[in-house]
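Here is the structure we will look at.
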Amino acid sequence: MNNSVTNTARLLGAGLRALLVLTLVTGVIYPLVVTGIAQGLFGDKANGSEIKADGKVVGSALIGQSYNLPLKKGQETPAPDLKWFQGRPQNGLGSNSVNTQYSLILSGATNRSADNGAIGGKCTAKSEEGTLCAQVVSAVAAVIKDNSTADFKVEQAGIPADAVTSSGSGLDPDISPDYADLQVHRVAEKNRLTVAQVQKLVDDHTQGRTLGFMGEPRVNVLELNVALKDLAAKS
C-alpha cells in the first residue's frame, strides 16, 4: 500500500515537473527567442510591413486599399478619386454581416469562371448583369473614360487584365507596371505634374521578379501614392 502511494506521488511529481519545464520552454523561452529573432532580422515584416506617411501608419504593403471620393447623397457606390493611382477592382470583397459591431471587409474572389456571362465565347455589352463578363465590360469602359486625357487616348487593346479583374484575395496591394503606366497621364493632369515626373515615380517604384525569377514585375499602389503625395506637395 505504502509502495503504491509512494509510486503514485513520484509519478505525479515527475509529471508536474515536466509540465512546468515544458510550459517554461514552449510557452515563455521559445516565443521570446522567436520574437527576438523576428524583430532583430525581419522587424518590418514581423510588424505587418507597415507603410508610414508624415510619421503615421497609413497601411500595410501587403493589403490593398481603395482610393475613392466620399459618398454623395443617394450614391451607393463611391466614385474613384482620380488624382490617385488606382489598384485592382475589388469585386470579390464582401462585408461583415454577422458581427456588425465592427466594420470589417471580408476578402475573397468572385469564384466566377472566365466565361461567366460570355455570349458566343466573348464578353460583350449584352452580357447578363452581375456576371463576370458584365463586370469586365463595365470596368473596361471605366478605365478608358477615366484615364483618357486631352493628349492621351486609352485603347481597349492596351488595357492589362489586372485593370479590369480582381485578384483571388480581392485585396491585392500591387498592380502591373503596364496598368501603372496607363494611369500616368491622368494622374499627372489631376495633380498638375508633368508626365515625365509621374512616369519616373512609377519606374522608381517598379519591383522586379522575386529572386529574379518568381512572380511578375509589380508596383505597390500605396507606396506609389505616398510618393505621389510628397511630389505633389513639393510641386
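Residues that are closer than 20 Å to Cys133 by Cα and of a type in the set (A, V, I, L, M) were ranked within the stretch 157-187; the one that is surrounded by the most Cβ atoms within 10 Å (Cβ to Cβ) is Ala163.
The condition of being within 20 Å of Ile51 (Cα to Cα), of a type outside the set (Asp, Glu) and outside any helix (DSSP H, G or I) holds for only one of Gly212, Gly170, that being Gly170. Restricting attention to the stretch 114-137, the residues that are assigned to a loop (DSSP other than H, G, I, E, B), farther than 15 Å from Gln156 by Cα and not small (Gly, Ala, Ser) add up to 6.
In the stretch 55-66 there is at least one residue that is under 30 Å from Asp162 (Cβ atoms) and exposed (fewer than 12 other Cβ atoms within 10 Å of the Cβ). Residues in the stretch 126-154 that are under 24 Å from the mean Cα position of the chain (by Cα), more than 11 Å from Asn91 (Cβ to Cβ) and surrounded by 20 or more Cβ atoms within 10 Å (Cβ to Cβ): Cys133, Val143, Asn147. Being in contact with a Pro (Cβ under 6 Å, 6 or more places away or on another chain), closer than 21 Å to Gln65 by Cα and at pLDDT below 95 is the requirement here; does Ser176 meet it? Criteria not met by Ser176. Inside the stretch 194-219, residues that are loosely packed, with under 12 Cβ neighbours inside 10 Å and aliphatic (A, V, I, L, M) make up a count of 3.
Pairs meeting the criteria (first residue in the stretch 87-113 and farther than 20 Å from Ser138 by Cα and outside any loop (DSSP other than H, G, I, E, B), second residue among the hydroxyl-bearing types (Ser, Thr, Tyr) and at pLDDT below 80, beta carbons under 7 Å, at least 6 apart or on different chains) are Ile105/Ser95; Leu106/Ser95. What pairs come up if the first residue lies in the stretch 199-228 and is at positive phi, the second is assigned to a helix (DSSP H, G or I) and of a type in the set (Val, Ile, Thr), and their beta carbons are under 6 Å apart, counting only those six or more places apart or on different chains? Correct list of pairs: empty, since none qualify.
The values are calculated or read from the model by the stated rules, or taken from the named source; none is laboratory data. What you see is a predicted model; the values in this text were computed from it and never measured. Using ideal geometry, Cβ is built from the backbone for each residue, glycine included, and neighbour counts are taken over all protein chains shown.
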